[in-house]
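Here's the structure we're looking at; comments come further down.
The values are calculated or read from the model by the stated rules, or taken from the named source; none is laboratory data. If you're wondering where the values come from, they're calculated on a predicted model, not measured in any experiment. Every residue, glycine as well, gets a Cβ built from its backbone with ideal geometry; the counts of neighbours run over all protein chains shown. To get the accessible areas, we keep the full protein, side chains included, count just its heavy atoms, and leave off ligands, DNA and RNA. Shrake-Rupley method; radii C 1.70, N 1.55, O 1.52, S 1.80 Å.
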Amino acid sequence: MNKPNSSDYELLQRVLKRDSKALEALYDKYSPLLFTLIKRIVKDDKLAEEVLADVFVIIWQKTNLYNFDYRNVFGWIVLLTKNKAVDTLRRKNGNVKVDYSDEFENTFIIPTIYDYNDFGFDEAVNKSEQLKSAVSKLTEAQRYVLQLAFFEGMTQSEIAAKLKIPLPTVKSKIKVALNTLKEKMNSEEV
């Protein structure tokens, strides 16, 4: 595991202890990036602002659900934001039939899987050009299935229906695209 971003980690520990200044510091650091991510998903400024506010309410109320052994605050916040934005888009489009509740939020919005790349905000900023380069080297089909899955909030079944291809093919395309992206990112490391 990489060395944790101790300032973010410490800020989140302070949020857990109800320190509003720590939440404000996280907001100041991450809100521009998170707003961009949310807007890319929901495609509406006003809705993106609402989702961003909701994300920080969730952080304030549910920091106790963060796995403090993990220590990647950046990854947790980005994944939480993506999950909330995708759920908001799916609800706006009428694609979610389940009521939004604490149980739903704890299960589907709050990240619980911590096995993705363990790097922080600074590393993400430093790797943004590398990521753009790696994405540009994916095939058009690979970029499209990732776009549908990650930024349009479509399930694999919905992607299969939209593209008129079997579900196992969609699963395979997404897996191959993610593996290819990971390989290209690793091969471009300096």
**Fill in**
The farthest towards the positive end of the charge dipole of the chain, of the residues Tyr27, Pro166, Phe56, given +1 on Cβ of Lys and Arg and -1 on Cβ of Asp and Glu, is Pro166
**Request:** Please work out how much length the chain gains when fully extended from Asp28 to Gln61, using 0.36 nm per residue of separation minus the C-alpha to C-alpha distance, in nm with one decimal.
**Result:** 10.1 nm
**Request:** Compute the accessible area per residue over the stretch 127-177, keeping the other protein chains in place, probe 1.4 Å, unit Å².
**Result:** 59 Å²
**Message:** Please list, by residue number, every one of the trypsin sites (Lys or Arg not before Pro) in the stretch 21-68 that is coil in DSSP and has at most 16 other beta-carbon atoms within 10 Å.
**Reply:** Lys43
**Request:** Grab the Cα-Cα distance for Asp69 and Lys97, subtract it from 0.36 nm times how many residues apart they are, and report the gain in nm with one decimal.
**Result:** 6.7 nm
**Which listed pairs, of Lys39/Lys62; Lys21/Lys62; Lys17/Lys62, have C-alpha distances above 19 Å, in listed order** = Lys39/Lys62
**Fill in**
HN-Hα couplings for the stretch 18-29 via Karplus (6.51, -1.76, 1.60; θ = phi - 60°), in whole Hz with x for Gly/Pro, come out as 6, 8, 5, 5, 5, 5, 4, 5, 5, 4, 4, 6
**Request:** For the chain, with all protein chains present and a 1.4 Å probe, just round the carbon and sulfur fraction of the accessible area to a whole percent.
**Result:** 54 percent
**Message:** Show me the GluC sites (Glu not before Pro) within the stretch 133-190 that DSSP assigns to loop and that have at most 15 other Cβ atoms within 10 Å of their Cβ.
**Reply:** Glu188, Glu189
**Complete:** the stretch 1-110 accessible area per residue, 1.4 Å probe, protein heavy atoms, integer Å², reads 54 Å²
**Asked** In µm²/s, what is D for the chain at 25 °C and 0.890 mPa s, where D = kT/(6 pi eta Rh) by Stokes-Einstein and Rh is the Kirkwood radius from Cα pairs?
**Response** 138 µm²/s
